[in-house]
Amino acid sequence: MSIDSLRDYPDVNFIDGMQIEDIQEYYIAAMQDKYKELTGRDLVLNEADPLRLIAYSNCLILYQIMQYADRAGKMGLLKYSHGDYLENIGALKGINRMPGSAAKTILKFTLSTKRPGVTIIPAYTRVAAPDGVYFCTTQLLEIPSGNLAGEVYAECRDSGIKGNGYEPGELKILVDPIPYVDAVENVTVSEGGADLESDENLAERIYLAPSAWSTAGPDDAYHYWVKTFNPAIKDVRVESEIPGDVEIYFLLQNGQIPEETMIKELEDFLKDEKVRPLTDHVIVRAPKVQNYRIDLTYYINKSDRVKATAIQERVQNAVQEYIKWQGEKIGRDLNPDKLRNLLILAGVKRLEIREPVFKKITQKSVAMQNGENVLLYGGLEDD
């Protein structure tokens, strides 16, 4: 069961669905009834009658008050709650919003020559990317006598997603000079950085929290603990083909595939006796990647001639939206119909999609766009 199940619950309304027109009708009728009760005469109010206009103004205020009441009621329900209200719902289950986390990587320091003694790289040594983002070593590194290089963990100085995605070799500017150090570079992709936990992720953890109280190892419990490990985690799949063996696959925000460093840290986290049932053997893996490319031709109606340039821009945006949608969920089938729908909404008349073709994706894999996309504009056609 996932947070998606919560969205299927019936909608509720704390003002019985009343609209401004209902309030105006009731208000005018009540005023006319009271006038007749007091005077014995009918009160006729034309559309422009000052009394009717005053009544309408009062109704607008009443309706605004009712909207606040409806909103206040909904903030106590997980389906609708957000912000501080959501955090207070989480407090009832001991769930707090996770702060942002810093991206991590492994840095390799290389000496200019082998040294007769130990070379020390102090903790908090700063290394920067060309764009000015800083990483700091998290512990002291000792390069033994006779060795030319050593590796150490480092994390971004600032929390958030800004530190993610630096490929090996991109972090290479030594900010704090150290004697005999000739070069430094990251040897793993930086990952794991996340902004303050989103309402969507927090609501899902609150929803899954009761499962975490079980020691029987339900799927939802593992979903909860994986999401709790790092807010940068976007999707989780739990598989158990052999009794006692639990395989966990996870995906980061924006469809990023996790590196071995983060996989090992998550596995260690899940093996804690407070998390893992004693009989479970937990194995954490990155999902297998099924590559695809996009190759299509699209046509635009002649009647949309003046909007053709704008439609072509929307086509580019729709393709990027499809790539993001396809790659953000493990086990999501490779579905060109989704691409077709997005492009039609963008204003395209018709399409010839050569790639991708529909393909079943296993619950251990994720479809990722790879290679150059081919988006050919076929021209204008009669409506």
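The values are calculated or read from the model by the stated rules, or taken from the named source; none is laboratory data. Predicted, not measured: the structure shown is a model, and the values here were computed from it. We place every Cβ from the backbone using ideal geometry, glycine too, and count neighbours over all the protein chains shown.
Observations
- Positions within the stretch 284-308 being within 28 Å of the chain's Cα centre (by Cα) and either within 24 Å of residue 355 (Cβ to Cβ) or among the polar types (S, T, N, Q) (or both), in sequence order: 287, 288, 289, 290, 291, 292, 293, 294, 295
- Scan the stretch 75-104 for residues that are over 30 Å from residue 137 (Cα atoms) and part of a loop (DSSP other than H, G, I, E, B) and the total you get is 12.
- Which listed residue, of 165, 192, is on the phi > 0 side of the Ramachandran plot, in contact with an Asp or Glu (Cβ under 9 Å, 6 or more places away or on another chain) and surrounded by fewer than 19 Cβ atoms within 10 Å (Cβ to Cβ): 165
- Selection count, the stretch 113-127, where residues are within 11 Å of residue 154 (Cβ to Cβ) and surrounded by fewer than 16 Cβ atoms within 10 Å (Cβ to Cβ): 3
- Test: residue 357 is exposed (fewer than 14 other Cβ atoms within 10 Å of the Cβ) and more than 30 Å from residue 232 (Cβ to Cβ): yes
- Filtering 307, 338, 324 for residues that are under 30 Å from residue 241 (Cα atoms) and in a helix (DSSP H, G or I) leaves a single hit, 324.
- Here the stretch 295-340 is the region considered, the condition is being aromatic (Phe, Trp, Tyr) and touching a Gly at 6+ places or on another chain (Cβ under 9 Å), and the residue that is surrounded by the fewest Cβ atoms within 10 Å (Cβ to Cβ) is 299.
- Verdict on residue 110 being modelled with pLDDT of 95 or more and surrounded by fewer than 16 Cβ atoms within 10 Å (Cβ to Cβ): yes
- Failed condition for residue 4, given (1) without any contact (Cβ under 8 Å) to a residue 40 or more places away in the chain; (2) more than 30 Å from residue 209 (Cα to Cα): (2)
- Search result, residues across the stretch 204-220 that are over 15 Å from residue 94 (Cβ atoms) and modelled with pLDDT of 85 or more: 204
- Within the stretch 191-205, the presence of a residue that is among the hydrophobic types (A, V, I, L, M, F, W, C), more than 16 Å from residue 101 (Cα to Cα) and over 23 Å from the mean Cα position of the chain (by Cα) is excluded.
- Search result, residues across the stretch 344-365 that are touching a strand residue (DSSP E or B) at 6+ places or on another chain (Cβ under 6 Å) and either β-branched (Val, Ile, Thr) or farther than 20 Å from residue 291 by Cβ (or both): 348, 349, 350, 351, 352, 353, 361
- Residue in the stretch 361-371 that is outside the structural domain of residue 254 (by TED's automatic domain parsing), touching a Lys or Arg at 6+ places or on another chain (Cβ under 6 Å) and hydroxyl-bearing (Ser, Thr, Tyr) present: yes
- Here residue 199 passes the criteria (1) under 22 Å from residue 266 (Cα atoms); (2) at pLDDT below 95; (3) surrounded by 14 or more Cβ atoms within 10 Å (Cβ to Cβ) except the one numbered (1).
- Filtered by the rule that a residue be surrounded by 14 or more Cβ atoms within 10 Å (Cβ to Cβ) and either under 24 Å from the mean Cα position of the chain (by Cα) or not assigned by TED's automatic domain parsing to the domain that holds residue 308 (or both), the stretch 341-354 gives 342, 343, 346.
- Residue check for residue 260: in contact with a Lys or Arg (Cβ under 8 Å, 6 or more places away or on another chain) and over 21 Å from residue 100 (Cβ atoms): no
- Taken over the stretch 18-54, the residue count meeting the criterion of being assigned to a loop (DSSP other than H, G, I, E, B) and surrounded by 10 or more Cβ atoms within 10 Å (Cβ to Cβ) is 5.
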